[in-house]
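Novice: Can you keep this structure in mind? I'll have questions shortly.
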Amino acid sequence: MAQLTLLLLSLFLTLISLPPPGASISSCNGPCRDLNDCDGQLICIKGKCNDDPEVGTHICGGTTPSPQPGSCNPSGTLTCQGKSYPTYDCSPPVTSSTPAKLTNNDFSEGGDGGGPSECDESYHSNNERIVALSTGWYNGGSRCGKMIRITASNGKSVSAKVVDECDSRHGCDKEHAGQPPCRNNIVDGSNAVWSALGLDKNVGVVDITWSMA
């Protein structure tokens, strides 16, 4: 009887010592239910916190590096059609060679960009070399009308004008043509930008760097 009591007591202590899933911010492989349960740029994959493949971090790939100054963490989540997306109020720091993901946008009326461009409340031809920047880089419109230089991994570069925001905080509505919020590191370029860089827009997303021109 004494042994059974000790066994039950040991089992009870083990159970109460386990943290409930999602009860706190979890690091690598910690339990999670949604993005808010994971630390920093980690996302919830199959109930465990892990690196976000779209951000390209390697926080969980061995030794965990110290947080970098100027890092940009998610500010929340937005659920669209049953899938959760991180939202951002910021973007990584702009340098003379800022890493980014180039995506393709149709800036014309009826295109996948949704409403008119924020900078001038106008639609634009896809023959123009124009871009939309993630919310943090758009910086409240401070870069509207300014030129940036985009460089692809093939060595080609092009100058393009900022005409719109790639909204990192909102999405999945009519204003955003039903699309989820942008990542925080997006340069959304027109067909003309892709062509000038010698890139196939059907690829969808490519690694680039950019700077102010």
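Novice: Pick from region 105-133 the residues that are of a type in the set (Gly, Ala, Ser) and in a loop (DSSP other than H, G, I, E, B): which of them is modelled with the highest pLDDT? Talk me through it step by step, then tell me what you get.
Specialist: Pass one, region 105-133, residues of a type in the set (Gly, Ala, Ser): 108, 110-111, 113-115, 117, 122, 125, 132.
Next, from what is left, pick out any that are in a loop (DSSP other than H, G, I, E, B): 108, 110-111, 113-115, 125.
On the way: 108: 90, 110: 76, 111: 71, 113: 60, 114: 66, 115: 78, 125: 93.
The qualifying residue modelled with the highest pLDDT is 125.
Novice: Hey, among the residues in region 96-119 that are out of contact with any strand residue (DSSP E or B) (no Cβ under 7 Å at 6 or more places or on another chain) and not small (Gly, Ala, Ser), which one's farthest from residue 135 (Cα to Cα)?
Specialist: Among residues in region 96-119 that are out of contact with any strand residue (DSSP E or B) (no Cβ under 7 Å at 6 or more places or on another chain) and not small (Gly, Ala, Ser), the one farthest from residue 135 (Cα to Cα) is 109.
Novice: Next question, about the same structure. In region 126-141, what residues are open to solvent by 50 Å² or more (accessible area, probe 1.4 Å) and more than 15 Å from residue 213 (Cβ to Cβ)?
Specialist: Just the residues of region 126-141 that are open to solvent by 50 Å² or more (accessible area, probe 1.4 Å), to begin with: 127-129, 139-140.
Matches in region 126-141: 127, 128, 139, 140.
Novice: Just give me the residues in region 134-153 being in a strand (DSSP E or B) and of a type in the set (Lys, Arg), in sequence order. Walk me through how you get there before you give the answer.
Specialist: First, pick out the residues of region 134-153 that are in a strand (DSSP E or B): 134, 147-152.
Answer for region 134-153, where residues must be in a strand (DSSP E or B) and of a type in the set (Lys, Arg): just 149.
Novice: Of everything in region 191-213 that's of a type in the set (Gly, Ala, Ser) and modelled with pLDDT under 95, which residue is least open to solvent (accessible area, probe 1.4 Å)?
Specialist: Of the residues in region 191-213, the ones of a type in the set (Gly, Ala, Ser) are 192, 195-196, 198, 204, 211, 213.
Imposing the further condition that a residue be modelled with pLDDT under 95 reduces the set to 204, 213.
On the way: 204: 28, 213: 84 Å².
Restricting to residues being of a type in the set (Gly, Ala, Ser) and modelled with pLDDT under 95, the top hit is 204.
Novice: If you don't mind, there's one more thing I want to ask. Considering each of 102, 78 in turn, give the residue that is modelled with pLDDT under 95 and either part of a strand (DSSP E or B) or acidic (Asp, Glu) (or both). Quick ask: steps written out before the conclusion?
Specialist: Details: 102 fails: modelled with pLDDT under 95.
Answer to the selection: 78.
Novice: Only one of these is closer than 19 Å to residue 101 by Cβ and either among the aromatic types (Phe, Trp, Tyr) or touching a Pro at 6+ places or on another chain (Cβ under 7 Å) (or both): 209, 151, 135. Name it. Steps first, answer last, please.
Specialist: On the way: 151 fails: either among the aromatic types (Phe, Trp, Tyr) or touching a Pro at 6+ places or on another chain (Cβ under 7 Å) (or both); 135 fails: either among the aromatic types (Phe, Trp, Tyr) or touching a Pro at 6+ places or on another chain (Cβ under 7 Å) (or both).
So the residue among 209, 151, 135 that is closer than 19 Å to residue 101 by Cβ and either among the aromatic types (Phe, Trp, Tyr) or touching a Pro at 6+ places or on another chain (Cβ under 7 Å) (or both) is 209.
The values are calculated or read from the model by the stated rules, or taken from the named source; none is laboratory data. Note that the structure is predicted; figures quoted are calculated from it, not measured. Cβ atoms come from the backbone with ideal geometry, glycine included; neighbour counts cover every protein chain shown. These accessible areas exclude ligands, DNA and RNA; they are computed on the full protein's heavy atoms, side chains included. Shrake-Rupley method; radii C 1.70, N 1.55, O 1.52, S 1.80 Å.
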